[in-house]
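> Just passing along the structure, written as structure tokens.
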Amino acid sequence: MASDEVKTFVFKNRGALLAVPAVLLAAFGKPSAFSVTVGLPVALAGEALRCWAVGYSGVTTREDHVVAPELVTAGPYAHVRNPLYVGNFVTALGFAIAFTGGSGFGRASALIAASLGTMAAVYATIVPHEEEYLRSQFGEPYERYCATVPQIVPTLEPAGDRTGTWKPDVIAKAETNTFLTFGAMLAVLALKALKA
């Protein structure tokens with residue numbers, strides 16, 4: 001179990017740590033037309049899930065410490081407690097597929113494992129950190145939420161009480177860095193695909 005200092009450090013620096021998979025794929029990946037065709041829709045689906053979640057959670061997702069002015073349980077939060085991270089993971093999976101189709105099996109496997117393994121390690125550290133904070137902030141309502149909504153694997157049917165409001169106007173403000181990173185990954189992918 002990570003110490004509180006480690007959890008705080010990883011949470012504060014999660015953006016830089018989660019850039020590691022993108023850098024690995026951009027530097028060492030070798031896409032193919034087929035891998036781009038399969039992987040890109042997966043990456044876009046992950047980003048769509050993330051945008052849906054941000055529309056409910058707002059700009060507080062960009063703080064360098066855990067912040068939650070309200071307990072949001074509507075929208076994607078009625079299906080899974082961590083839709084932002086699920087979205088990020090799906091996006092990373094899509095890019096991992098897209099970037100590795102022209103690599104040999106060993107290299108592709110190593111890149112995918114390193115990319116997704118880095119993300120899993122970061123999330124395994126920060127999710128408990130966030131949940132400790134949410135328990136201290138919201139107490140029994142958060143415990144009821146945890147009892148009905150899964151942490152990582154989404155349910156098809158929404159569960160629990162649903163509170164929170166969809167605010168699509170917050171997405172552009174909250175997601176600027178994510179959109180820039182996504183665009184940069186698309187540009188690198190296009191350049192590498194043209195060279196393949």
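> Write out, first by first residue and then by second, each pair whose Cβ atoms fall under 7 Å of each other, whose residues are 6+ apart or on separate chains, and whose first residue, in the stretch 151-162, is surrounded by 14 or more Cβ atoms within 10 Å (Cβ to Cβ) and in a loop (DSSP other than H, G, I, E, B) while the second is at pLDDT 95 or above and among the acidic types (Asp, Glu).
Taking only residues 6 or more apart or on different chains, not a single pair turns up.
> Restricting to the stretch 3-57, what's the tally of residues that are more than 19 Å from Val90 (Cα to Cα) and not in a helix (DSSP H, G or I)?
Selection size over the stretch 3-57: 4.
> Condition check: touching a residue at least 24 places away in the same chain (Cβ under 8 Å) and surrounded by fewer than 19 Cβ atoms within 10 Å (Cβ to Cβ). Does Leu111 satisfy that?
When the stated conditions are applied, Leu111 does not pass them.
> Just need a number here: residues in the stretch 163-187 that are assigned to a loop (DSSP other than H, G, I, E, B) and either of a type in the set (A, V, I, L, M) or buried (at least 17 other Cβ atoms within 10 Å of the Cβ) (or both).
Summing the residues that are assigned to a loop (DSSP other than H, G, I, E, B) and either of a type in the set (A, V, I, L, M) or buried (at least 17 other Cβ atoms within 10 Å of the Cβ) (or both) in the stretch 163-187 gives 2.
> Between a first residue in the stretch 118-134 that is free of Cβ contacts under 8 Å to residues at least 12 places away in the same chain and a second residue that is outside any helix (DSSP H, G or I) and charged (D, E, K, R), which pairs have beta carbons less than 6 Å apart while being 6 or more apart in sequence or on different chains?
Listed by first residue and then by second, the contacts come to nothing, as the list is empty.
> Also, quick follow-up: Exactly one of (1) closer than 29 Å to Glu5 by Cβ; (2) of a type outside the set (Val, Ile, Thr); (3) not in a helix (DSSP H, G or I) is unmet by Glu130. Its number?
Every listed condition holds for Glu130 apart from (3).
> Here is a follow-up. What about Leu17, is it without any contact (Cβ under 8 Å) to a residue 60 or more places away in the chain, farther than 26 Å from Gly104 by Cβ and surrounded by 18 or more Cβ atoms within 10 Å (Cβ to Cβ)?
So Leu17 fails the test.
The values are calculated or read from the model by the stated rules, or taken from the named source; none is laboratory data. Quick caveat, the model's predicted, so the values are computed rather than measured. All Cβ positions, glycine included, derive from the backbone under ideal geometry; neighbour counts span all protein chains shown.
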